[in-house]
Amino acid sequence: MGMIRDLFLQGVQMFLVLAVAPLLLGFTRRAKAWLLRRKGPPLLQPYRDLLRLMRKEVVLAENASWLFRSAPYMIFAATWVAAALVPTFATGLQFSWTADLIVITALLGSARFFLALAGMDVGTSFGGIGSSREMMFASLAEPAMIMIVFTVALVAGTTQLSQVADFVFAHASLRVSLALALVALIIVALAENTRIPVDNPATHLELTMVHEAMVLEYSGRHLAVIELAAALKLSLYISLIASIFAPWGLAQGDAAPGAYVTAVVAYIGKLAVGGFLLVLFETSIAKMRVFRVPEFLGAAFMLGFLGTLLLFVSRTF
Amino acid sequence: MDRFVLDFAHTLAGFMVLVSFMLLYQDRMFSLLNVFALQALVLAASVAWQAHVQDAPHLYVTALIALVLKAIIIPIVLHRVVVRLGIHRNIETVGGIGLTMLFGMGLVALSMVVMLRATAAADPLAREDLAFALSVVLLGLLMMVTRRNAVSQIIGFMSLENGLILAATGAKGMPLVVEISVAFSVLVALIVIGVFLFRIRERFDSVDVHALDESRGERQ
């Protein structure tokens, strides 16, 4: 019985992230339009877009290889697994022992690897530009991410997200290193989700695209799957930040069913707050030049490194 | 001592270091001034917290001085100077920000190692604040070394002085007289430097300090 319950809860988490991700995207678009004093698309528009794309026929370039066709599913699978592992509404789920920060970083890294390959596969110049830029950002964002992982792991004594969340919840206090890691993680999240200071998700100008340039050749269900993966990635990063730095409202190990319901509500509330803060930041800042991005991500690396350094020098930070 | 008291003091001091890095990162004059005002604000908060913790009311005066003088008056004055000099649209192109940041990290590491070894027996509240304060001082020095624009060098000098105040309040028993005289000497320095800025501009049509090298015949 206990086994079935555990599996059920894990299943709920997997499908919850999948169901909520487009809604979060719709919410951010709506809120952004609202901040610009426009009306904005309805909240459910991303779902409609996905359905529409699903029904459309796939148009493939003549020289597209099997890689181009299989990459969307690889990207989606890796991103979905990563998103399902991050504690969203409960800690100590069935597969939480695999929910390791390094595993999640690696899953996202492999998703990006396939996306970059797919961008270069057809051989158009925009795809190539997009891939090379994405790889440049990745080579800067990943060291920063690893430094953040080190900082969190040194504070909590583990890299397993579920235990990290429990630790922060139990020993909640102001830590300089954790504050530095939070700022660094926000910068990395902005870069990884191709949000505004790094890349504009709503751009129509090919020369400024990064993520969009790589998926320019995709259509139909392939595009739908890639868009869904991008939405999942956004909700993944917000859940990651929430589970490490604001683990309040998470249901612990074996809570009553009612506690899980409130935890889910709390999770959706956190996503909404995170999405709104993101939009607020995006509307108050301009996109930076591509050559300025290394400095931006370098700052994230520096903060992560500083956090680790402080922890090594003195245990009280 | 209460755990939270320590943590909060450290967080504020750590935030000072963070703002110092933000100063190094900025390359536009107005955002530089805004970040400097932010640093003074954090300094005021940190000093006020120390006053509360150490139960030393005279430190509130220090906090007030930091707030009024450094978070309000000096940024506004420098703001005007920048506008009058007409350099508010300039972007500083000093060799890579990344490299400067790396140097900065090295300096923070250095100050941590030096301070925590040297003051092993001291009060934990003062000890780690001192390490942060030394980092702020060194980062201010780094800023003065790496910038070419005279106004950003002033900012570096002022942020160095912020670090000194942070160090002084961490250690118990600094007399108020010293505090006030330091604060006013900074104000005097501002006035003197302000006058100098205009003199330099008059003479060389620029506040880029490399123009001085040329006049001394160091560069052809």
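The values are calculated or read from the model by the stated rules, or taken from the named source; none is laboratory data. In this text, all values refer to a predicted model and were calculated from it rather than measured experimentally. We place every Cβ from the backbone using ideal geometry, glycine too, and count neighbours over all the protein chains shown.
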message: Go through (1) of a type in the set (Phe, Trp, Tyr); (2) surrounded by fewer than 21 Cβ atoms within 10 Å (Cβ to Cβ); (3) touching a residue at least 12 places away in the same chain (Cβ under 8 Å) for B:Phe132 and report which single condition fails.
response: (2)
Exclusive hit being buried (at least 23 other Cβ atoms within 10 Å of the Cβ) and within 14 Å of chain B (Cβ to nearest Cβ), set A:Val168, A:Val198, A:Val176: A:Val176
- request: Filter the stretch A:20-48 for residues that are small (Gly, Ala, Ser) and either touching a Cys at 6+ places or on another chain (Cβ under 9 Å) or under 17 Å from A:Gly274 (Cβ atoms) (or both) and give the result.
  value: A:Ala21, A:Gly26, A:Ala31
message: Please verify whether B:Met22 is within 30 Å of B:Leu102 (Cα to Cα), surrounded by 23 or more Cβ atoms within 10 Å (Cβ to Cβ) and not hydroxyl-bearing (Ser, Thr, Tyr), treating the condition exactly as stated.
response: no
query: Among the listed residues A:Arg5, A:Arg52, A:Arg69, which satisfies the condition of being in a helix (DSSP H, G or I), of a type outside the set (Phe, Trp, Tyr), more than 21 Å from A:Ser239 (Cβ to Cβ) and modelled with pLDDT under 90?
result: A:Arg5
task: Within the stretch A:116-131, identify whether any single residue is within 14 Å of chain B (Cβ to nearest Cβ) and modelled with pLDDT of 90 or more, and answer yes or no.
output: no
- line: Within the stretch B:1-28, the residues that are more than 9 Å from chain A (Cβ to nearest Cβ) and modelled with pLDDT under 85 are B:Met1, B:Asp2, B:Val5, B:Ala9, B:Gln26, B:Asp27, B:Arg28
- prompt: Out of (1) out of contact with any Phe, Trp or Tyr (no Cβ under 8 Å at 6 or more places or on another chain); (2) farther than 14 Å from B:Ser135 by Cα; (3) in contact (Cβ under 8 Å) with a residue 60 or more places away in the chain, the odd one out for B:Ala9 is which?
  reply: (1)
- prompt: Going by the structure shown, is B:Ser31 within 14 Å of another protein chain (Cβ to nearest Cβ), within 21 Å of B:Ala171 (Cβ to Cβ) and out of contact with any Asp or Glu (no Cβ under 6 Å at 6 or more places or on another chain)?
  reply: no
field: Residues of the stretch A:179-195 satisfying the condition of being among the hydrophobic types (A, V, I, L, M, F, W, C) and surrounded by fewer than 22 Cβ atoms within 10 Å (Cβ to Cβ)
entry: A:Ala179, A:Leu182, A:Val183, A:Ile186
message: Condition first: over 13 Å from B:Gly106 (Cα atoms) and at pLDDT 80 or above. Now tell me which residues in the stretch B:130-148 satisfy that.
response: B:Leu130, B:Ala131, B:Phe132, B:Ala133, B:Val137, B:Gly140, B:Leu141, B:Met143, B:Met144, B:Val145, B:Thr146, B:Arg147
Of all residues making up the stretch A:98-133, the number that are under 21 Å from A:Lys233 (Cα atoms), of a type in the set (Phe, Trp, Tyr) and in contact (Cβ under 8 Å) with a residue 12 or more places away in the chain: 1
query: Quick check: is even one residue across the stretch B:44-64 under 13 Å from the mean Cα position of the chain (by Cα) and over 27 Å from A:Ile285 (Cα atoms)?
result: yes
statement: Within the stretch A:103-127, restricting to residues that are β-branched (Val, Ile, Thr) and touching a helix residue (DSSP H, G or I) at 6+ places or on another chain (Cβ under 6 Å), the one that is surrounded by the most Cβ atoms within 10 Å (Cβ to Cβ) is A:Ile104
query: What pairs can you find where one residue is in the stretch B:35-57 and more than 22 Å from B:Ser152 (Cα to Cα), the other is outside any loop (DSSP other than H, G, I, E, B) and β-branched (Val, Ile, Thr), and their Cβ atoms are less than 6 Å apart, with a gap of 6+ or different chains?
result: B:Val47/B:Thr62; B:Val47/B:Thr169; B:Gln50/B:Thr169; B:Val53/B:Val5
- request: Output the number of the condition that B:Val113 fails; it satisfies all remaining conditions of (1) more than 11 Å from chain A (Cβ to nearest Cβ); (2) of a type outside the set (Lys, Arg); (3) out of contact with any helix residue (DSSP H, G or I) (no Cβ under 6 Å at 6 or more places or on another chain); (4) surrounded by fewer than 21 Cβ atoms within 10 Å (Cβ to Cβ).
  value: (1)
field: Tally, over the stretch A:251-285, of residues that are touching a Phe, Trp or Tyr at 6+ places or on another chain (Cβ under 7 Å) and either over 9 Å from A:Phe89 (Cβ atoms) or β-branched (Val, Ile, Thr) (or both)
entry: 3
- prompt: Pairs under 9 Å by beta carbon, first residue surrounded by fewer than 21 Cβ atoms within 10 Å (Cβ to Cβ) in the stretch B:142-157, partner not hydrophobic (A, V, I, L, M, F, W, C) and not in a helix (DSSP H, G or I), six or more apart or different chains?
  reply: B:Thr146/B:Gly95; B:Arg148/B:Glu92; B:Arg148/B:Thr93; B:Arg148/B:Asp208; B:Gln153/B:Arg147
query: Within the stretch A:262-277, can one find any residue that is among the aliphatic types (A, V, I, L, M) and in contact with a strand residue (DSSP E or B) (Cβ under 8 Å, 6 or more places away or on another chain)?
result: yes
- prompt: When the residues of the stretch B:116-133 are filtered to those that are over 19 Å from B:Trp49 (Cβ atoms) and of a type outside the set (Val, Ile, Thr), which remaining residue is farthest from the other protein chains (Cβ to nearest Cβ)?
  reply: B:Ala121
